[in-house]
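Q: The following block contains the structure, expressed as structure tokens.
The values are calculated or read from the model by the stated rules, or taken from the named source; none is laboratory data. Keep in mind it's a predicted model, so treat the numbers as computed, not measured. Note that we place each Cβ from the backbone using ideal geometry, even for glycine, and neighbour counts take in every protein chain shown.
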Amino acid sequence: METNALKENLMRREEGPDRRPLWSIPQERAAEMLVAAEVVEECTSVVEADNSNLVAEILRGQGTFTEWDHYPKGDIYDRATHSQYYYHAHPSNLRASEHGHFHLFVRQKGMPESIKPAALPSSVQRPLGNDALAHLVGISMDSEGRPIRMFTVNRWVTGETWYDSNDVIALLDLFEISHAVPSWPTNRWVGAMVKLFQPQIGWLQTERDEAVKLWQLDNPEAKQPVYEDHGLEVTSVVEISVQNQIKLVRKTAAVAD
């Protein structure tokens with residue numbers, strides 16, 4: 001559901017220069033993004049050589065794939081970096097063109113002390129202390145296990161703690177799954193995707209905060225805080241192409257050299 005102000009903002013950003021972060025790669029990050037691009041390509045090639053894909057690696061041995069359930073069971077959590085992710089799917093009538101999607105997080109223990117949860121109304125029940133977590137991004141996958149878009153969501157969707165967009169952007173460089181279970185290629189790929197698409201994810205987080213503000217403006221009489229309003233679910237979204245992103249990164253890296 002999109003309100004009038006939210007629709008107008010989305011239309012304005014489609015047409016205006018604010019869309020530039022979606023195709024502009026900072027030269028100072030090009031070298032790091034180039035490394036990430038090579039990891040993404042390598043991990044994809046490794047699983048495809050075995051007639052598999054990045055999603056299938058996560059679902060292997062997990063039994064019947066059930067809507068809403070987290071895969072693998074118990075999520076994937078790196079106790080060294082305190083990064084976390086899982087894969088799941090919504091009912092087929094709500095999925096559009098996707099098979100399912102990854103949700104990526106960083107937990108409080110993996111954050112700098114300077115990053116604190118955003119100030120929210122006291123009525124919002126959210127995890128705090130060592131259970132506090134920030135949702136970085138969702139990655140939608142098609143039926144062949146390839147990424148098609150990235151998105152952010154309202155607080156209630158993932159039960160996150162909620163951090164200001166600038167703080168979430170600062171956490172992107174800290175996300176890493178450094179162990180091999182349940183799939184070394186998929187674990188590496190997820191971390192590399194965050195680095196490869198850092199400009200887009202940063203833009204998505206900024207748009208997320210803007211969407212929340214616009215929803216509040218359009219719903220001044222709401223009986224619950226915007227962070228709990230089930231009318232606002234997806235707060236920002238962008239279609240992605242790994243191939244196009246890698247081309248742009250390589251071009252930018254060549255110019256930087």
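Q: Restricting attention to segment 199-216, which residues are under 13 Å from the mean Cα position of the chain (by Cα) and among the hydrophobic types (A, V, I, L, M, F, W, C)?
A: Within segment 199-216, 201, 203, 204 meet the criteria.
Q: Please go through segment 240-257 and give me each residue that is modelled with pLDDT of 95 or more and surrounded by fewer than 12 Cβ atoms within 10 Å (Cβ to Cβ), ordered by number.
A: 243
Q: Still on this structure, I have one more. When both residues are 6+ apart or on different chains and their Cβ atoms are under 7 Å apart, which pairs have a first residue that lies in segment 211-230 and is without any contact (Cβ under 8 Å) to a residue 12 or more places away in the chain, and a second that is crowded, with 20+ Cβ neighbours inside 10 Å?
A: These pairs meet every condition: 216/226.
Q: Further, regarding this structure: Between a first residue in segment 195-209 that is in contact (Cβ under 8 Å) with a residue 60 or more places away in the chain and over 15 Å from residue 103 (Cα atoms) and a second residue that is in a loop (DSSP other than H, G, I, E, B) and polar (S, T, N, Q), which pairs have beta carbons less than 7 Å apart while being 6 or more apart in sequence or on different chains?
A: 199/24
Q: Another question, then. Provide a single number: the residues in segment 160-185 that are crowded, with 18+ Cβ neighbours inside 10 Å, part of a helix (DSSP H, G or I) and over 15 Å from the mean Cα position of the chain (by Cα).
A: So the answer is 1.
Q: Can I ask one more? If I go through segment 16-31 residue by residue, how many of them are surrounded by 15 or more Cβ atoms within 10 Å (Cβ to Cβ) and either modelled with pLDDT of 95 or more or hydrophobic (A, V, I, L, M, F, W, C) (or both)?
A: Let us first name the residues in segment 16-31 that are surrounded by 15 or more Cβ atoms within 10 Å (Cβ to Cβ), namely 18, 21-22, 25, 29-30.
From the residues that got through so far, the ones that are either modelled with pLDDT of 95 or more or hydrophobic (A, V, I, L, M, F, W, C) (or both) too are 22, 25, 30.
Looking only at that region, the number is 3.
Q: Oh, and also: What's the number of the only condition in (1) in a loop (DSSP other than H, G, I, E, B); (2) of a type in the set (Val, Ile, Thr); (3) surrounded by fewer than 19 Cβ atoms within 10 Å (Cβ to Cβ) that residue 157 fails to meet?
A: (1)
Q: Looking at segment 125-140, which of its residues are crowded, with 23+ Cβ neighbours inside 10 Å and either touching a residue at least 60 places away in the same chain (Cβ under 8 Å) or over 13 Å from the mean Cα position of the chain (by Cα) (or both)?
A: Within segment 125-140, 133, 136, 137 meet the criteria.
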